[in-house]
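Written out below as structure tokens is the structure these notes cover.
The values are calculated or read from the model by the stated rules, or taken from the named source; none is laboratory data. Note that the structure is a prediction, hence the values are computed from the model and not measured. Because the Cβ atoms are built from the backbone with ideal geometry, glycine has one as well, and the counts that use them run over all protein chains shown.
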Amino acid sequence: MVDKPAGMTSHDVVARVRRIMGTRKVGHAGTLDPMATGVLVLGLERATKLLGHLAMDTKAYLATVRLGAATTTDDSEGEVLSEVDASGVDEAAVRAGISGLTGDLQQVPSSVSAVKVNGRRAYELARSGEQVELAARPVTVSRFDVLALRREERATELDVLVECSSGTYVRALARDLGAELGVGGHLAALRRTRVGPFGLATARTLEALEAEPGLSMDLDTAVRTAFPQSEVDDVAARALAHGQPIPAAGLDGTYGIFGPGGRAIALVRDQGAVAKPVLVLAPA
């Protein structure tokens, strides 16, 4: 895991890590916008195959919402579309608006999101000057808390904590809150603190990685962190290493199988009485 700095794309981070770690086999999961900082999950070598199986359906963010201006990108990097004096916006109305944006929602993604429209990313269309209209889609915001409220000369800034489902756009929450209050709003800062089971505690800065190249966690630890697990004997471990099924453990969804030495052998899913491998991590 990398603690991504602002101003870099996720692909920029991957390229930098390739140079630092001396390998081309680096992949990432859960893209972050250039302006955002925080947890970016990377996989190296064999672990790149693990990325597509990770359950990263919940995410957590610390964000700053600026009320008083709407922008073309719903964040501070876009052009201002409208601006009003929001320094006196009612705090009770702010909290009511946030309450209305908590729970199961139908959210229209930002026009500069990575959602595909006719095979092209929405942000590509928007930045080429095309009009982008995206359909609302279901998301869940399980937590949207105000941590601090600051009055500026013509604006009000909110530091917030957001916990949400994958596919939720925090910039869209800022936009919709501003629209609900009639003053406009956009995202001023965004830091991802958790994606799935992976948090900032195990994320390393690029500077720290440059000074001391190494993994945040090895493959065995990553599997234990991200999946339920079951242990098997040598006979079953050898069967799995050859891609063969083994007796089911009775666990739901994808889970990790570990051999007697604590090594992750494979990810499997139960199919009736047997568990079939979906990814062999330690092939024979």
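Looking across the range 254-274 at every residue that is touching a strand residue (DSSP E or B) at 6+ places or on another chain (Cβ under 7 Å) and touching a residue at least 40 places away in the same chain (Cβ under 8 Å), the one that is farthest from HIS53 (Cα to Cα) is identified as ALA264. Here the range 135-193 is the region considered, the condition is being touching a helix residue (DSSP H, G or I) at 6+ places or on another chain (Cβ under 8 Å) and β-branched (Val, Ile, Thr), and the residue that is surrounded by the fewest Cβ atoms within 10 Å (Cβ to Cβ) is VAL146.
Among the strands (runs of 3 or more DSSP E) confined to the range 22-102, the ones with at least 2 residues that are touching a residue at least 24 places away in the same chain (Cβ under 8 Å) and under 21 Å from VAL278 (Cα atoms) are located at 26-29, 37-44. For the range 225-258, which positions are in a loop (DSSP other than H, G, I, E, B) and surrounded by 20 or more Cβ atoms within 10 Å (Cβ to Cβ)? If the condition is that a residue be in a loop (DSSP other than H, G, I, E, B) and surrounded by 20 or more Cβ atoms within 10 Å (Cβ to Cβ), then PHE227, VAL232 are the ones that fit.
For ARG154, which of the numbered conditions (1) touching a Leu at 6+ places or on another chain (Cβ under 9 Å); (2) more than 30 Å from LEU134 (Cα to Cα); (3) in the same structural domain as ALA69 (by TED's automatic domain parsing) fails to hold? Failed condition: (1). Put simply, of ALA6, ALA15 the only residue that is assigned to a loop (DSSP other than H, G, I, E, B), in the same structural domain as GLU212 (by TED's automatic domain parsing) and surrounded by fewer than 20 Cβ atoms within 10 Å (Cβ to Cβ) is ALA6.
For the range 53-81: of the residues being farther than 16 Å from LEU181 by Cβ and among the charged types (D, E, K, R), which is farthest from the chain's Cα centre (by Cα)? Looking at residues that are farther than 16 Å from LEU181 by Cβ and among the charged types (D, E, K, R), I get GLU79.
Please find, among ALA92, ALA69, ALA63, ALA96, the residue that is of a type in the set (Gly, Ala, Ser), surrounded by 22 or more Cβ atoms within 10 Å (Cβ to Cβ) and farther than 30 Å from LEU281 by Cβ.
On the way: ALA92 fails: surrounded by 22 or more Cβ atoms within 10 Å (Cβ to Cβ); ALA69 fails: surrounded by 22 or more Cβ atoms within 10 Å (Cβ to Cβ); ALA96 fails: surrounded by 22 or more Cβ atoms within 10 Å (Cβ to Cβ).
Within the list ALA92, ALA69, ALA63, ALA96, the selection yields ALA63.
Which number in (1) surrounded by fewer than 19 Cβ atoms within 10 Å (Cβ to Cβ); (2) at pLDDT 80 or above; (3) among the polar types (S, T, N, Q) marks the one condition that GLN107 misses? So the condition that GLN107 fails would be (1).
Looking at ALA211, ALA273, ALA284, ALA264, just one residue is within 30 Å of LYS4 (Cβ to Cβ) and either surrounded by fewer than 14 Cβ atoms within 10 Å (Cβ to Cβ) or within 22 Å of the chain's Cα centre (by Cα) (or both), and that residue is ALA211.
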